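**Student:** Take this structure, written in structure tokens, and hold onto it; I'll ask about it next.
The values are calculated or read from the model by the stated rules, or taken from the named source; none is laboratory data. Being a predicted model, the structure only gives us computed values, none of them experimental. All Cβ positions, glycine included, derive from the backbone under ideal geometry; neighbour counts span all protein chains shown. Please note that ligands, DNA and RNA were not included when accessible areas were found on the heavy atoms of the full protein model with its side chains. Shrake-Rupley method; radii C 1.70, N 1.55, O 1.52, S 1.80 Å.
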Amino acid sequence: MNKNKIINDPVYGFVAIPTGLVFDLVQHPYFQRLRYIKQVSMTHLVYPGALHTRFQHAIGAMHLMSMALETLKGKGVRIAEEEEEAVLSAILLHDIGHGPFSHSLEHSLIEGVSHELLSSLLMDRINNDLGGRLSLAITIFNNKYERKFLHQLVSSQLDVDRMDYLNRDSFFTGVSEGVISFDRIIKMLNVVEDEIVVEYKALYSVEKFLIARRLMYWQVYLHKTVIGAEQLLIKILQRAKYLTAAGDKLFATPAFHWFLSQQINKSNFLDDPLHLDWFTRLDDTDIMSAIKTWERHGDHILSEMCQRVMKRNLYRSIMSDKPFTPAYIDLVKTKVQERMGVAQKDIHYYVFTQEIQNRAYNSSKDQIKILLKSGELVDITEASDLGNLEALSKNVAKYALCYPKEVGYVAITSSK
């Protein structure tokens, strides 16, 4: 079979499948599932073009990895063919453990199980399918390989994963603030003392990368309407689980029913391999087919929430730099109960809060090292003459409060 394929990517153009192993990974059913999982969940309700998938992102990240490896080899960094194939495989599969709607439902379907753990478990399964050909890739992915810089290319504060998702998400949302000079950064990569470093010439490109990441988080990933839509999705799942536990036979695909009908957490998930089997059959279409059907369910709460998602009649989302006071939250709940006729026991489906945190750069962990012309290595915050890079390393918290728009705007009297 001819495995020398190319993929026409809208962001980078033609992307080559570099080896037979990578072709086999792309063809694997676990990887093909990523075609049906949106990269940025409910963001398309704000930015209509944001319908790209985890499949596209993984292919793009692999392409950038190929560019990075060629750059390093061109600068005399010794990388064996088996290491190159392994790190390409690792980045291709880095998100294979994502479930429906990516991060939105990550801990709702399976409590306490992250997509990183699921990726690791699925990579082990694929490795068994392929007779151990992924062993080195898994070692690199888990940061247990002796050459640490290979793992840094897969997962660090300046990895090809971040470079692709910023570039790709900016492209599909139309938010130009996310555009980065990924090609210049990659061309300026080097390895010093087994660490990935960036040559000084790319200093401003790295600064732009960090600023773009901050802007994309607040303008796209943590946009108040996106947050509200994702939380509504979680509330729908909570109500469906509640009704199923009460004996209601809700419509669901077999894979979705498996997770609706059981309380699955990290402990019992790892004990029963059937859970992982069913997980590999889940994607966005399972959830959306249920939501479309539940629009006409007899339970008013479930039906109404599903209709809101399908008709984009979302809750009002307001953001604050400080936590909302209990008194203000109680005031909103009272107004919702009066306007919507909601029972006290069900008010959590109509009024809910969330704390959102973001840090564009963590200077105390896995630093981005700049290689000065003198040969000295310094952290990006020291090399930069841009004063706000220090501010980017601080953790920023914001608070969201969501409730039905029909209630009208409830003025914030005070917060602390």
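**Student:** Roughly how tilted is helix 224-245, in degrees to the nearest 10 and between 0 and 90, from the longest Cα axis of the chain?
**Tutor:** The angle comes out at about 60 degrees.
**Student:** Give me the angle, in degrees from 0 to 90, between the Cα long axis of helix 284-294 and the longest principal axis of the Cα atoms of the chain, rounded to the nearest 10.
**Tutor:** 10
**Student:** Further question on the same structure: Measuring with a 1.4 Å probe in the full set of protein chains, what accessible area per residue, in whole Å², belongs to segment 304-384?
**Tutor:** Accessible area per residue, segment 304-384: 52 Å².
**Student:** By the scheme Lys and Arg +1, Asp and Glu -1, what is the net charge of all other residues having a beta-carbon under 13 Å from that of TYR349?
**Tutor:** +3
**Student:** Another one. Hey, what's the Kirkwood Rh for segment 327-413 if you take every pair of different alpha carbons, in angstrom? Could you put the intermediate results ahead of the total?
**Tutor:** Values: mean 1/r = 0.0597 Å⁻¹.
Computed over Cα pairs of segment 327-413, the Kirkwood hydrodynamic radius comes out at 16.8 Å.
**Student:** Here is a further query. For the chain, what's the relative contact order in percent, using C-alpha pairs closer than 8 Å and at least 6 residues apart?
**Tutor:** 16
**Student:** With a 10 Å radius around each residue's Cβ, average the other Cβ atoms per peptide and rank 246-259, 114-127, highest first.
**Tutor:** Ranking the peptides 246-259, 114-127 by packing returns 114-127, 246-259.
**Student:** Using a 1.4 Å probe, what is the accessible area per residue for segment 53-199, in Å²? Write down the numbers at each step before the final one.
**Tutor:** Details: 5110 Å² over 147 residues.
Spelled out: the 1.4 Å probe surface of segment 53-199, per residue, equals 35 Å².
**Student:** Let me ask another. Give the separation of the Cα centroids, segment 117-162 to segment 261-328, in Å.
**Tutor:** 30
**Student:** OK, next. Taking all protein chains in place and a 1.4 Å probe, what share, in percent, of the accessible surface of the chain do carbon and sulfur account for?
**Tutor:** Numbers: 9040 of 18110 Å².
Answer for the chain: carbon and sulfur cover 50 percent of the accessible area.
**Student:** Determine the dipole magnitude for segment 68-210: charges of +1 sit on the beta-carbon of Lys and Arg, -1 on that of Asp and Glu, nothing else is charged, the reference point is the Cα centre, and the result goes in debye to the nearest 20.
**Tutor:** The dipole of segment 68-210 has a size of about 320 debye.
**Student:** So how many Å³ per residue does the convex hull of the Cα atoms of segment 88-131 work out to? It would help to have the intermediate numbers written out before the result.
**Tutor:** Details: hull volume 3.0 nm³, N = 44.
Hull volume normalised by residue count: 68 Å³.
**Student:** Still on this model: Going by alpha carbons, how many degrees (0 to 90, nearest 10) lie between the helix axis of 115-129 and the longest principal axis of the chain?
**Tutor:** 60
**Student:** Around ASP283, under 12 Å between beta carbons, what's the net of Lys plus Arg minus Asp minus Glu among the other residues? Intermediate values should be presented prior to the final figure.
**Tutor:** Values: positive: ARG33, ARG35, LYS38, ARG54, ARG281; negative: ASP284, ASP286.
Charge balance in the 12 Å sphere: +3.
**Student:** Could you tell me whether segment 292-359 comes out rounded, prolate or oblate from its Cα gyration tensor? Rule is a ≥ b ≥ c as square roots of the eigenvalues, rounded for a/c under 1.5, then prolate if a/b exceeds b/c, otherwise oblate. Intermediate values should be presented prior to the final figure.
**Tutor:** Working: a/c = 2.68, a/b = 1.44, b/c = 1.87.
Note, shape of segment 292-359 comes out oblate.
**Student:** Calculate one ³J(HN,Hα) per residue across segment 160-177 by plugging θ = phi - 60° into the Karplus curve 6.51 cos²θ - 1.76 cosθ + 1.60, and present them in order as whole Hz with x for glycine and proline.
**Tutor:** So the Karplus estimates, Gly and Pro as x, are 6, 4, 5, 4, 6, 5, 5, 4, 6, 5, 5, 4, 7, 8, x, 8, 5, 4 Hz.
**Student:** Could I ask something else about it? Gap in Å between the Cα centre of segment 344-362 and the Cα centre of segment 55-89?
**Tutor:** Comparing the Cα centres of segment 55-89 and segment 344-362, I get a distance of 39 Å.
**Student:** With the alpha-carbon atoms as the only input, what is the per residue convex hull volume for segment 1-105 in Å³?
**Tutor:** Measuring per residue, one finds 115 Å³ for the Cα hull of segment 1-105.
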